[in-house]
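**Student:** Below you will find the structure I want to go over with you.
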Amino acid sequence: MVCVILQCVATLNPFLGILASRQKHALPDLPYDYGALEPHISAEIMQLHHSKHHAAYVNNLNITEEKYQEALAKGDVTGQVALQAALRFNGGGHINHTIFWTNLSPNGGGEPQECLLKPWCDLMEAIKRDFGSFQKLKEKMSAATVAVQGSGWGWLGFDKENGRLRIAACANQDPLQGTTGLIPLLGIDVWEHAYYLQYKNVRPDYVKAIWNIVNWENVSERFKAASK
């Protein structure tokens, strides 16, 4: 009996080590105050969105990963498969929102500077090449984002294979790169919790307002990193 127990402990030791050493995901701090994006996004929305909704994705992702590690250690393939949806939803929610917060800035808006300061210059050149103009990018991305059925995200992404910018929409919390292969540069959250308290059911007004606070410096840095 003692031998059996010792064998079990020996078998579990690697798994216990994984759980002990695995660093849990944490809710990132915002790079600005909750009220900093007003009047475009209210402080109430930002506080609820960040401290409640994003926090829930982080918490549920940690719980799901622990369950997945347990299923993995047991060789429980059925359990691993059953957890995929929760990993995708909560993992995607964490990834998407972490990008979203940095895509916004109280000093944002306007458009990428045209050939005055790299990598802004590079991004503006790519926008003109792939969409014709900055205004056409805004129009196409806004239309695709507003048209998302139910909840989801509108994205500007980078296609590594052909070196082009592309617009895409993802349902629910599906992460852009894991779903389409595109590297995310700029995301617009169109879950109702992102805008309903302020814009009610008028999603187009919310999407229009977002352009006033886009952090083009952040988007440009993401483009520079993706282009390497």
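**Student:** Somewhere in the range 171-179, is a residue of a type in the set (Asp, Glu), in contact (Cβ under 8 Å) with a residue 60 or more places away in the chain and in contact with a helix residue (DSSP H, G or I) (Cβ under 8 Å, 6 or more places away or on another chain)? Spell out how you get there, then give the answer.
**Tutor:** We begin by selecting, within the range 171-179, every residue of a type in the set (Asp, Glu); these are 174.
Next, only the ones that are in contact (Cβ under 8 Å) with a residue 60 or more places away in the chain stay: 174.
If we keep only those that are in contact with a helix residue (DSSP H, G or I) (Cβ under 8 Å, 6 or more places away or on another chain) as well, we get 174.
Among the residues of the range 171-179, at least one is of a type in the set (Asp, Glu), in contact (Cβ under 8 Å) with a residue 60 or more places away in the chain and in contact with a helix residue (DSSP H, G or I) (Cβ under 8 Å, 6 or more places away or on another chain), which makes the answer yes.
**Student:** Moving on. Of everything in the range 77-97 that's more than 15 Å from residue 191 (Cβ to Cβ) and surrounded by 15 or more Cβ atoms within 10 Å (Cβ to Cβ), which residue is modelled with the lowest pLDDT?
**Tutor:** 80
**Student:** Mind listing just one residue for me: the one in the range 195-222 that is among the aliphatic types (A, V, I, L, M) and touching a helix residue (DSSP H, G or I) at 6+ places or on another chain (Cβ under 6 Å) and, of those, surrounded by the fewest Cβ atoms within 10 Å (Cβ to Cβ)?
**Tutor:** The qualifying residue surrounded by the fewest Cβ atoms within 10 Å (Cβ to Cβ) is 197.
**Student:** Here's something else I'd like to know. Give the residues of the range 42-73 that are within 30 Å of residue 32 (Cα to Cα) and in contact (Cβ under 8 Å) with a residue 40 or more places away in the chain, sorted by residue number.
**Tutor:** Of everything in the range 42-73, those that are within 30 Å of residue 32 (Cα to Cα) and in contact (Cβ under 8 Å) with a residue 40 or more places away in the chain turn out to be 42, 44, 45, 48, 49, 50, 53, 54, 57, 65.
**Student:** Right, here's the next one. Can you work out which of the residues in the range 27-57 that are of a type in the set (Phe, Trp, Tyr) and over 23 Å from residue 87 (Cβ atoms) is surrounded by the fewest Cβ atoms within 10 Å (Cβ to Cβ)?
**Tutor:** Looking at the filtered set, the residue picked out is 32.
**Student:** Do we have residue 95 as part of a helix (DSSP H, G or I) and either under 24 Å from residue 199 (Cα atoms) or free of Cβ contacts under 8 Å to residues at least 24 places away in the same chain (or both) here?
**Tutor:** no
**Student:** Let me ask you something else. Under 6 Å by Cβ, and 6 or more places apart or on different chains, what pairs join a residue from the range 23-38 that is over 13 Å from residue 101 (Cα atoms) with one that is of a type in the set (S, T, N, Q)?
**Tutor:** Qualifying pairs under 6 Å: 24/62; 25/62.
**Student:** What is the number of the single condition among (1) under 21 Å from residue 129 (Cα atoms); (2) under 17 Å from the mean Cα position of the chain (by Cα) that residue 175 does not meet?
**Tutor:** (1)
**Student:** Which numbered condition in (1) farther than 28 Å from residue 50 by Cα; (2) of a type in the set (A, V, I, L, M); (3) modelled with pLDDT of 95 or more is the only one that residue 117 fails?
**Tutor:** Exception for residue 117: condition (3).
**Student:** Would you kindly identify the helices (runs of 4 or more DSSP H) lying entirely within the range 155-228 that contain at least 3 residues that are at pLDDT 95 or above and over 17 Å from residue 123 (Cβ atoms)?
**Tutor:** Values: elements: 176-180, 196-199, 203-210, 216-227.
Here the list reads 176-180, 196-199, 203-210.
**Student:** When residues of the range 128-154 are filtered for being part of a helix (DSSP H, G or I), under 21 Å from the mean Cα position of the chain (by Cα) and either within 18 Å of residue 224 (Cβ to Cβ) or of a type in the set (Phe, Trp, Tyr) (or both), how many remain?
**Tutor:** Looking only at that region, the number is 1.
The values are calculated or read from the model by the stated rules, or taken from the named source; none is laboratory data. What you are looking at is a predicted structure, and each value in this text was computed from that prediction instead of being measured. All Cβ positions, glycine included, derive from the backbone under ideal geometry; neighbour counts span all protein chains shown.
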